[in-house]
């Protein structure tokens with residue numbers, strides 16, 4: 001009896017142990033390990049990201065600049081892939097067998113259960129054919145997204161482009177997953193969160209053939225996408241197009257601003273590229289070609305990340321500082337004997353009448369006038385040393401937005417370079433360096449380095465008689481139209497308003513002063529234009545630069561035109577500036593300027609060489 005009882009307990013214990021093992025295993029499968037759950041769910045459902053329609057972009061007049069068009073990505077869920085006709089599949093999507101095998105392996109590394117992009121941006125024609133045969137290829141499905149489309153093929157650097165996210169983007173912002181697109185440059189980058197909207201999700205029941213049979217759980221897991229907000233820019237696209245035509249076959253930049261608001265009307269870098277080149281499956285190839293094989297560097301935004309010596313346009317700043325510091329008055333007359341002479345040092349100047357007062361010094365761009373004024377600013381006894389005088393001078397210069405980022409709403413802005421006093425001490429190897437050591441800064445040469453955006457902002461300051469609004473490219477966002485409040489704040493310079501009038505009178509003479517006035521080609525009938533030419537010394541052929549604003553007493557546009565290797569400011573930069581101003585203010589070019597327009601449109605400074613001459 002005891003033996004029977006012992007056997008009964010032994011057998012019962014074995015059964016209990018086996019049942020315990022099954023319970024533990026069942027608990028592990030159903031609760032702890034979700035592998036089979038994921039497998040079952042992935043075989044019965046399809047989770048499809050609903051990409052939000054990206055916000056549209058308009059110009060200041062409501063002209064559409066960027067919109068969306070449908071694109072199709074072929075997706076794969078590796079766990080659901082079964083044996084299929086590889087040859088037929090390859091013929092449908094236009095890739096070879098080895099590529100198919102490679103892409104499947106890559107998808108498995110990402111996840112066996114979750115979808116990933118197998119091949120992106122199928123053409124509409126390919127998509128239409130594939131849809132009819134997709135049931136033959138379990139594990140594959142098509143996901144719709146949008147690509148950008150450009151009705152105007154201009155303003156590429158300003159608008160920017162989209163690109164696929166990388167690991168850094170995903171780590172920084174968990175909103176993104178592999179295969180998503182993000183703004184990589186320009187407006188698309190700065191206003192990414194505004195434009196992108198919010199992704200949604202659709203979960204579908206699918207049968208064994210991977211065909212959709214309806215919503216999963218009656219759509220309880222679905223989430224609607226939220227469209228991105230539209231943006232209205234400050235650009236005038238018609239003026240932008242015209243400016244780009246004038247700059248074809250030339251290297252350089254144009255930036256035009258409405259001085260009353262800081263709104264950027266034109267922003268171009270030449271040579272440029274067609275923004276359509278960065279859309280679709282050819283994007284990578286086109287990018288490599290432009291980045292690596294084009295010596296003209298069309299991807300380089302000269303308007304914001306190229307820094308140049310400003311040349312003679314910087315004389316306007318030294319005139320204003322001289323007035324503010326009491327070094328000169330509008331009536332101060334300085335002699336020029338074909339240049340500035342100090343001991344053995346000579347800074348040459350072109351021949352003109354002498355002596356000159358302030359307005360005439362601007363009209364004739366006299367080097368001697370500004371060399372002497374600059375040195376007297378730095379060497380004023382009240383500062384105690386040239387270094388202290390220079391630091392005070394630099395304070396005024398910085399107030400115009402030089403040597404710092406202006407804070408515009410476009411990425412990659414550079415500060416330019418206005419050196420500290422310590423820089424000159426180090427370079428001259430003495431703390432007691434003299435103003436003569438850096439006198440070339442008097443005429444916008446030497447260590448000065450400024451972006452075209454900063455040059456345009458400078459002339460906006462002058463047009464406004466002493467202040468500027470931070471230059472910006474977005475006029476309104478979404479339905480409420482709000483923009484960053486910093487773009488609505490006046491930034492005051494350190495120069496009192498009264499000192500701008502004599503400088504502006506000098507700029508008026510540059511255009512309307514008759515013989516010897518270097519900006520006459522920018523004159524417009526019935527509109528008073530104020531300008532200043534510059535010829536920037538450069539190894540080889542000099543650069544041509546011109547700043548201007550108009551009308552004189554009610555400024556509506558202020559701009560800089562910078563033409564690399566354009567020889568004189570009066571040769572290319574000034575006439576191009578006048579044409580752009582007339583186009584903006586009058587809507588068309590007058591008949592008496594058609595010859596000049598034709599010459600600027602046909603000028604080719606890339607494939608031909610100009611002779612170097614002095615202005």
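The values are calculated or read from the model by the stated rules, or taken from the named source; none is laboratory data. All figures in this text were calculated on a predicted structure; none of them were measured in a lab. So basically every Cβ, Gly included, is an ideal-geometry build from the backbone, and we count neighbours across all protein chains shown.
Within segment 397-423, residues that are without any contact (Cβ under 8 Å) to a residue 40 or more places away in the chain and not assigned by TED's automatic domain parsing to the domain that holds residue 387 have Cβ atoms under 9 Å from residues that are crowded, with 20+ Cβ neighbours inside 10 Å and outside any helix (DSSP H, G or I) in no pair, counting only partners at least 6 apart in sequence or on another chain. Only one entry of 515, 564 meets the criterion of being surrounded by fewer than 24 Cβ atoms within 10 Å (Cβ to Cβ), at pLDDT below 95 and under 16 Å from residue 364 (Cα atoms), and that entry is 515.
Could you tell me whether any residue of segment 532-544 is in a loop (DSSP other than H, G, I, E, B) and modelled with pLDDT of 95 or more?
no
Select from segment 410-444 the residues that are in a helix (DSSP H, G or I) and touching a strand residue (DSSP E or B) at 6+ places or on another chain (Cβ under 7 Å) and write down the one among them that is nearest to residue 192 (Cα to Cα).
Taking segment 410-444 and keeping what is in a helix (DSSP H, G or I), we get 421-428, 435-443.
Next, from what is left, pick out any that are touching a strand residue (DSSP E or B) at 6+ places or on another chain (Cβ under 7 Å): 436, 439.
On the way: 436: 49, 439: 45 Å.
Of everything passing the filter in segment 410-444, 439 is nearest to residue 192 (Cα to Cα).
Per the listing 596, 601, 559, 579, the residue uniquely outside any loop (DSSP other than H, G, I, E, B), more than 20 Å from residue 253 (Cβ to Cβ), touching a residue at least 24 places away in the same chain (Cβ under 8 Å) and in contact with a helix residue (DSSP H, G or I) (Cβ under 9 Å, 6 or more places away or on another chain) is 596. If the condition is being surrounded by fewer than 17 Cβ atoms within 10 Å (Cβ to Cβ) and part of a helix (DSSP H, G or I), then segment 278-287 contributes 284, 285, 286. Scanning segment 175-194 for residues that are under 15 Å from the mean Cα position of the chain (by Cα) and outside any strand (DSSP E or B) yields a total of 9.
Restrict the check to segment 588-597 and report whether at least one residue is surrounded by 24 or more Cβ atoms within 10 Å (Cβ to Cβ), closer than 22 Å to residue 516 by Cα, at pLDDT 85 or above and in contact with a strand residue (DSSP E or B) (Cβ under 9 Å, 6 or more places away or on another chain). Give the derivation first.
So the first thing to find is which residues in segment 588-597 are surrounded by 24 or more Cβ atoms within 10 Å (Cβ to Cβ), and the list is none.
No: zero hits.
Within segment 412-419, not a single residue is crowded, with 22+ Cβ neighbours inside 10 Å and on the phi < 0 side of the Ramachandran plot. Taking the condition surrounded by 20 or more Cβ atoms within 10 Å (Cβ to Cβ) and not assigned by TED's automatic domain parsing to the domain that holds residue 288, does residue 243 pass? Against the criterion (surrounded by 20 or more Cβ atoms within 10 Å (Cβ to Cβ) and not assigned by TED's automatic domain parsing to the domain that holds residue 288), residue 243 does not qualify.
Identify all residues within segment 372-397 that are buried (at least 21 other Cβ atoms within 10 Å of the Cβ), under 29 Å from residue 509 (Cβ atoms) and over 36 Å from the mean Cα position of the chain (by Cα); write none if there are none.
To start, the set of residues in segment 372-397 that are buried (at least 21 other Cβ atoms within 10 Å of the Cβ) comprises 372-375, 377-378, 386, 389-390, 393, 397.
Then drop every residue that is not under 29 Å from residue 509 (Cβ atoms), which leaves 372-375, 377-378, 393, 397.
Within segment 372-397, 372, 373, 375, 377, 378 qualify.
In segment 288-307, which residues are surrounded by fewer than 24 Cβ atoms within 10 Å (Cβ to Cβ) and not in a helix (DSSP H, G or I)? Hits for segment 288-307 are 293, 294, 295, 296, 297, 298, 299, 300, 306, 307. The selection criterion, being within 26 Å of residue 393 (Cα to Cα) and either in contact with a helix residue (DSSP H, G or I) (Cβ under 7 Å, 6 or more places away or on another chain) or without any contact (Cβ under 8 Å) to a residue 40 or more places away in the chain (or both), holds for residue 501. Those strands (runs of 3 or more DSSP E) of segment 445-494 in which 3 or more residues are touching a residue at least 24 places away in the same chain (Cβ under 8 Å) occupy 467-469, 474-477. Listed by position, the strands (runs of 3 or more DSSP E) contained in segment 93-174 that have at least 2 residues being in contact with a strand residue (DSSP E or B) (Cβ under 6 Å, 6 or more places away or on another chain) and in contact (Cβ under 8 Å) with a residue 60 or more places away in the chain are 116-122, 140-149. The single condition among (1) without any contact (Cβ under 8 Å) to a residue 12 or more places away in the chain; (2) in contact with a strand residue (DSSP E or B) (Cβ under 7 Å, 6 or more places away or on another chain) that residue 179 does not meet is (1). Of all the numbered requirements in (1) within 24 Å of residue 498 (Cβ to Cβ); (2) crowded, with 24+ Cβ neighbours inside 10 Å; (3) in contact with a strand residue (DSSP E or B) (Cβ under 7 Å, 6 or more places away or on another chain), residue 356 misses one, and that requirement is (2). Residues that are surrounded by fewer than 18 Cβ atoms within 10 Å (Cβ to Cβ) and modelled with pLDDT of 85 or more are absent from segment 32-49.
Listed conditions (1) modelled with pLDDT under 85; (2) in contact with a helix residue (DSSP H, G or I) (Cβ under 9 Å, 6 or more places away or on another chain); (3) surrounded by 15 or more Cβ atoms within 10 Å (Cβ to Cβ) are all met by residue 54, apart from (1). Annotation: of all residues in segment 79-98 being within 36 Å of the chain's Cα centre (by Cα) and surrounded by fewer than 16 Cβ atoms within 10 Å (Cβ to Cβ), the one that is modelled with the lowest pLDDT is 94.
How many residues does segment 224-247 contain that are at pLDDT 95 or above and touching a strand residue (DSSP E or B) at 6+ places or on another chain (Cβ under 9 Å)? Walk me through how you get there before you give the answer.
We begin by selecting, within segment 224-247, every residue at pLDDT 95 or above; these are 229-247.
Cutting the leftovers down to touching a strand residue (DSSP E or B) at 6+ places or on another chain (Cβ under 9 Å) gives us 229-237, 239-240, 242-244, 246-247.
Residues in segment 224-247 being at pLDDT 95 or above and touching a strand residue (DSSP E or B) at 6+ places or on another chain (Cβ under 9 Å): 16 in total.
Among the residues in segment 474-486, are any under 19 Å from residue 396 (Cα atoms), assigned by TED's automatic domain parsing to the domain that holds residue 317 and more than 21 Å from the chain's Cα centre (by Cα)? Within segment 474-486 (the criterion being under 19 Å from residue 396 (Cα atoms), assigned by TED's automatic domain parsing to the domain that holds residue 317 and more than 21 Å from the chain's Cα centre (by Cα)), the answer is no, since none of the residues qualifies.
Kindly establish whether residue 557 is buried (at least 20 other Cβ atoms within 10 Å of the Cβ), more than 14 Å from residue 459 (Cβ to Cβ) and at pLDDT 95 or above. Can you show your working first?
On the way: buried (at least 20 other Cβ atoms within 10 Å of the Cβ): yes; more than 14 Å from residue 459 (Cβ to Cβ): no; at pLDDT 95 or above: yes.
So residue 557 does not fit the description; no.
Inside segment 115-157, can you point out the residues that are farther than 26 Å from residue 195 by Cβ and touching a helix residue (DSSP H, G or I) at 6+ places or on another chain (Cβ under 8 Å)? Within segment 115-157, 118, 126, 129, 130, 133, 136, 137, 138, 139, 140, 141 meet the criteria. The lone criterion from (1) buried (at least 20 other Cβ atoms within 10 Å of the Cβ); (2) touching a helix residue (DSSP H, G or I) at 6+ places or on another chain (Cβ under 6 Å) left unmet by residue 229 is number (1).
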